Amino acid sequence: MSNQGNRTLTPTANSLADAIGHSEHRGMLARLTNHQTFWVFMAAVLACLALSLLTDTFATERNLFNVSRNFAFVAIIALGMTAVIASGGIDLSVGSAVVLSSMTVAVLMSAGMPFWIGIPAALAVAILLGAVNGVLVAYAGMPPFVVTLGMLSVGRSLAMVLSNNKMIYQFGPDHELLLALGGGSTMGLPNPLLVMVVLAAITGFLFKWTRWGQHLFAMGGNESAAKLTGIPVRQLKVSVYVFSALTAGITGVLEVGWLGGVTTNLGQGMELAVIAAAVIGGANLAGGVGTAFGAVVGALLIEVIRNSLILLGISTFWQGAFVGSFIVIAVAFDRFRSVRQQG
Amino acid sequence: MSALRLEAVSKHFGAIHALSDVSLLIEPGEVIGLMGDNGAGKSTLVKVIAGNFAPSAGEIFISDTKVEFHKPLDAQRAGIEVVYQDLAICDNLSAAANVFLGRELTKQIGPIPILDYARMRIRAGELFARLKSETRPRDLVKRMSGGQRQAVAIARALLSDAKIVLMDEPTAAISVRQVAEVLNLIRNLSDHGIAVVLVSHRMPDVFQVADTIAVLRRGRLVASKRAANSSPEEVTGLITGAIEFA
Ligand SMILES: Nc1ncnc2c1ncn2[C@@H]1O[C@H](COP(=O)(O)OP(=O)(O)OP(=O)(O)O)[C@@H](O)[C@H]1O
Ligand SMILES: [Mg+2]
């Protein structure tokens, strides 16, 4: 209690800010190593180094090009998933949003529509899907798990109806443009990777610097508190699911160009990799915690591991086991840490 | 001028008369300790004042103007802040972020409003200094003591220039040392001319900090008198009904 007396003698804003400043500086390194993201990043870097040494196929230009593109797709959606998870929800329907958006653009363009109609339409469909999720969660008060699980099934089914379950690989007059968008590269970097970097920067900005981000994390931390302070939690929830579906929609459009064709099994099971990426990147399934950078780093680690399985000649049947275990390990890690903090 | 005046306020839920004919006057800067047995109607009274419930009958005046609240936001706009023990704080955010939650300060970068962390931190720091609290604006609330958390909640009230702060059992779940901190905070609010309604079961806390003690029994206000002219024994009697009225 004695230092309380000291404090009251110098209550000016400056000295207070100084005092705060000092207490906050625990050293860059200490702060860095305290973050899960840092360790995940180190793990990904180490895995890359190991693979470069162990195989002569990893560090080839072609493989790196492929890895970075696959990684970009997972990372883009992981950004949206991180928003949902940080807000206290979950979105299992992202894989279906991917296939529905790519099917929309494919069907429209193969029917002769131009690029600039097909893509906005595909994104609009994704947004609509997210809005339905959001409204059911926010206004009907249904658990996100149930709503988005239902949407997972509905979305893919709609994509089948839309395409009559056929593969589409002719995209009308703007065929080349669409293929170049997702499959091409700019300044030697694959386009999806560039899109991912831009979206990660935007998401990071939204999380850290806007009221939307602040409210999203507040809602994930304590929803009733957010409500009591007058934050419009319902609209906010809808916006979060729309954001997630939009990232999936963008991915869908890019994937069409990369693959050169769409089938209705595109994006199947993708929600698992995406949730794993977000969680490994530090998003807390209990809500209130997560970063854009973490989502990207989580996606990187997953893709590198997946690629290493292939390059090391391990059967691809093992991939599901790895991704699934990763989610569980990341959550267990988090549990362990919070228990230790309380104890 | 009174900060808050209730005139013959009643509230029933179906057949339950949670409040009957409660009239009460609170001056600016007055700390009023609201006591009563479980189910006596304390929380209901707080909720009526805070705009959570509309009274079934009676009138509410703030600074001598009649008010009608349809939702908590109406009460907030009229200068009433409720301090909830744990409900209204986000553990995952910093103290400053919590103080400004829902009314963040922003600055424009071109057309985009971005959060003005620096200004919020300084403002929050000033508020904590005014409350003579050790709370640091940048610290996560997760790592704070019960007393510091209260300071965060109370700083919210200061920020909004509240005239009346309602506290329902703020000391129920915290340690003795932290109780002392909270009682200090209440005194600080009162020093700033803010009226405080403190609901508590803890007799010593109430006598330590309250100017006036009001007792509810089965929805009726059976006493409202200066703490200095009363005693814990008398209040106990009033709560249980051993003493009819005072
Ligand atoms: N929303 C409600 N609907 C119906 N009855 C209610 C409601 N809220 C309170 N009551 C009733 O009103 C009466 C007063 O309750 P209140 O919560 O105000 O008591 P209290 O004095 O705060 O008690 P405690 O000390 O246990 O917190 C009780 O009989 C309670 O059951
Ligand atoms: Mg109560």
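The values are calculated or read from the model by the stated rules, or taken from the named source; none is laboratory data. These numbers come from a predicted model, not from an experiment. Neighbour counts run over all protein chains shown; Cβ positions are idealised from the backbone, glycine included.
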request  = Kindly indicate whether A:Arg62 is at pLDDT below 90, crowded, with 20+ Cβ neighbours inside 10 Å, charged (D, E, K, R) and assigned to a helix (DSSP H, G or I).
outcome  = no
query = Among A:Gly204, A:Gly260, A:Gly267, A:Gly184, which is crowded, with 24+ Cβ neighbours inside 10 Å and either closer than 25 Å to A:Phe115 by Cβ or modelled with pLDDT of 95 or more (or both)?
reply = A:Gly267
query = Counting just the residues of segment B:22-33 that are in contact with a Leu (Cβ under 8 Å, 6 or more places away or on another chain) and over 10 Å from B:Leu216 (Cα atoms), which one comes out surrounded by the most Cβ atoms within 10 Å (Cβ to Cβ)?
reply = B:Gly33
task = State which residue is surrounded by the most Cβ atoms within 10 Å (Cβ to Cβ) when the search covers only segment B:94-115 and only residues that are polar (S, T, N, Q) and facing chain A (nearest Cβ under 10 Å).
result = B:Asn98
remark   = When restricted to B:Leu19, B:Leu25, B:Leu6, B:Leu34, the only residue farther than 21 Å from B:Ala227 by Cβ and either at pLDDT 95 or above or of a type in the set (A, V, I, L, M, F, W, C) (or both) is B:Leu19
task = Search segment A:167-221 for residues being in contact (Cβ under 8 Å) with a residue 40 or more places away in the chain and assigned to a loop (DSSP other than H, G, I, E, B), and hand back the single one that is farthest from A:Ser244 (Cα to Cα).
result = A:Gln170
message = I need the full set of residues from segment B:27-50 which are more than 13 Å from ligand 2 (Cβ to nearest atom) and either outside any loop (DSSP other than H, G, I, E, B) or within 14 Å of chain A (Cβ to nearest Cβ) (or both), in order please.
response = B:Val31, B:Ile32, B:Gly33, B:Ile49
ask   = For segment B:7-26, does any single residue satisfy the condition of being away from ligand 1 (no atom under 15 Å from the Cβ) and part of a loop (DSSP other than H, G, I, E, B)?
value = no
query = Looking at segment A:242-255, is at least one residue away from chain B (no Cβ under 11 Å), under 30 Å from A:Phe317 (Cβ atoms), not aromatic (Phe, Trp, Tyr) and not in a helix (DSSP H, G or I)?
reply = no
query = What about B:Met167, is it farther than 21 Å from B:Ser2 by Cα, at pLDDT 90 or above and not acidic (Asp, Glu)?
reply = no
message = Looking at segment B:51-59, can you tell me whether even one residue there is within 16 Å of ligand 2 (Cβ to nearest atom) and modelled with pLDDT under 95?
response = yes
ask   = Would a scan of segment A:213-235 turn up a residue that is small (Gly, Ala, Ser), out of contact with any Leu (no Cβ under 7 Å at 6 or more places or on another chain) and facing another protein chain (nearest Cβ under 10 Å)?
value = yes
remark   = Among residues of segment B:170-193 being within 16 Å of ligand 1 (Cβ to nearest atom) and touching a helix residue (DSSP H, G or I) at 6+ places or on another chain (Cβ under 9 Å), the residue modelled with the highest pLDDT is B:Pro170
key: Subset of segment B:196-229 (residues that are of a type in the set (Ser, Thr, Tyr) and within 16 Å of ligand 2 (Cβ to nearest atom))   = B:Ser200
inquiry  = Looking at the structure I just gave you, is A:Ile85 within 14 Å of another protein chain (Cβ to nearest Cβ), assigned to a helix (DSSP H, G or I) and modelled with pLDDT of 65 or more?
reply    = yes
Verdict on B:Gly36 being in contact with a helix residue (DSSP H, G or I) (Cβ under 9 Å, 6 or more places away or on another chain), surrounded by 15 or more Cβ atoms within 10 Å (Cβ to Cβ) and at positive phi = yes
ask   = Out of curiosity, is B:Lys132 touching an Asp or Glu at 6+ places or on another chain (Cβ under 6 Å), facing chain A (nearest Cβ under 10 Å) and not hydrophobic (A, V, I, L, M, F, W, C)?
value = no
key: Top-ranked residue of segment A:197-212 - restricted to ones that are among the aromatic types (Phe, Trp, Tyr) and more than 7 Å from every other protein chain (Cβ to nearest Cβ), ranked as nearest to A:Ser185 (Cα to Cα)   = A:Phe205
